[in-house]
Amino acid sequence: MQPDHDKTYYFRLECPSKLKWTFSNNVVNIKVTDNPPLPTLTPSTLKVKEGAFVNLTCSAPAPCLSNLPTLIWTPRLGDIQETVQKNQDKTQFKTSILNFTASRLHH
């Protein structure tokens, strides 16, 4: 959907015969926003020692399964696992987990 689809919609019935009816009491208001929520990084800050195993998680809302968010780790330091999960309230989010062993090169 595009921001110009932001309006009130009415249900209408049109049959092959001359029967046509607009249900003016039943409307749908659609609000389109083009600013998706920012992804979250867990933990947001981290101090580790060289040689320590590090597990970072990035999550972003996924309101449309046909157009999932793209989560990219730069630089790619180790193994990455991605999943799409559903919250109890039926909202969905994409999660990317980066696992690596810390090195002085990652400063």
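Please list, ordered by first then second residue, the pairs with beta carbon atoms under 8 Å, 6 or more apart or interchain, first in the stretch 17-36 and more than 14 Å from Lys7 (Cβ to Cβ) and touching a residue at least 12 places away in the same chain (Cβ under 8 Å), second surrounded by 10 or more Cβ atoms within 10 Å (Cβ to Cβ) and among the hydroxyl-bearing types (Ser, Thr, Tyr).
Every condition considered, the pairs that remain are Thr22/Tyr10; Phe23/Tyr10; Ser24/Tyr10; Asn26/Tyr10.
Exactly one of (1) closer than 22 Å to Gln92 by Cα; (2) among the hydrophobic types (A, V, I, L, M, F, W, C); (3) touching a strand residue (DSSP E or B) at 6+ places or on another chain (Cβ under 7 Å) is unmet by Trp21. Its number?
Condition not satisfied by Trp21: (1).
What are the residues in the stretch 98-107 that are open to solvent by 60 Å² or more (accessible area, probe 1.4 Å) and not in a strand (DSSP E or B), if any?
Restricting attention to the stretch 98-107, the residues satisfying the condition of being open to solvent by 60 Å² or more (accessible area, probe 1.4 Å) are 101, 104-107.
Within the stretch 98-107, Arg104, Leu105, His106, His107 meet the criteria.
Looking only at residues in the stretch 7-63 that are among the hydroxyl-bearing types (Ser, Thr, Tyr) and surrounded by 10 or more Cβ atoms within 10 Å (Cβ to Cβ), which one is nearest to Asn99 (Cα to Cα)? Spell out the reasoning first.
Applying the first criterion (among the hydroxyl-bearing types (Ser, Thr, Tyr)) to the stretch 7-63 yields 8-10, 17, 22, 24, 33, 40, 42, 44-45, 57, 59.
Pick out the ones that are also surrounded by 10 or more Cβ atoms within 10 Å (Cβ to Cβ) and you get 9-10, 22, 40, 42, 57, 59.
Numbers: Tyr9: 47, Tyr10: 50, Thr22: 56, Thr40: 17, Thr42: 12, Thr57: 9, Ser59: 15 Å.
Here the residue is Thr57.
Quick check on this structure: which one of Thr83, Thr70, Thr57 is modelled with pLDDT of 85 or more and in a loop (DSSP other than H, G, I, E, B)?
Result of the check over Thr83, Thr70, Thr57: Thr70.
Among the residues of the stretch 1-49, count how many are of a type in the set (Lys, Arg) and assigned to a loop (DSSP other than H, G, I, E, B).
If we filter the stretch 1-49 for residues that are of a type in the set (Lys, Arg), which is where we start, we get 7, 12, 18, 20, 31, 47, 49.
Applying the additional criterion that residues be assigned to a loop (DSSP other than H, G, I, E, B) yields 18, 31, 47, 49.
The total comes to 4.
Taking the conditions exactly as written (outside any loop (DSSP other than H, G, I, E, B), open to solvent by less than 70 Å² (accessible area, probe 1.4 Å) and in contact with a Ser or Thr (Cβ under 9 Å, 6 or more places away or on another chain)), does Thr95 satisfy them or not? Quick ask: steps written out before the conclusion?
Working: outside any loop (DSSP other than H, G, I, E, B): yes; open to solvent by less than 70 Å² (accessible area, probe 1.4 Å): yes; in contact with a Ser or Thr (Cβ under 9 Å, 6 or more places away or on another chain): yes.
So Thr95 passes the test.
Could you check how many residues of the stretch 64-85 are acidic (Asp, Glu) and under 21 Å from Ser103 (Cβ atoms)? Full working, then the answer.
Of the residues in the stretch 64-85, the ones acidic (Asp, Glu) are 79, 82.
Applying the additional criterion that residues be under 21 Å from Ser103 (Cβ atoms) yields 79.
Looking only at that region, the number is 1.
I need the full set of residues from the stretch 69-91 which are touching a residue at least 24 places away in the same chain (Cβ under 8 Å) and either in contact with a Gly (Cβ under 9 Å, 6 or more places away or on another chain) or open to solvent by 50 Å² or more (accessible area, probe 1.4 Å) (or both), in order please.
Leu77, Thr91
The values are calculated or read from the model by the stated rules, or taken from the named source; none is laboratory data. What you see is a predicted model; the values in this text were computed from it and never measured. Don't worry about glycine lacking a Cβ; one is built from the backbone with ideal geometry, like all the others, and counts go over all protein chains shown. Just so you know, the surface numbers come from the protein's heavy atoms only, side chains and all, with ligands and any DNA or RNA stripped out. Shrake-Rupley method; radii C 1.70, N 1.55, O 1.52, S 1.80 Å.
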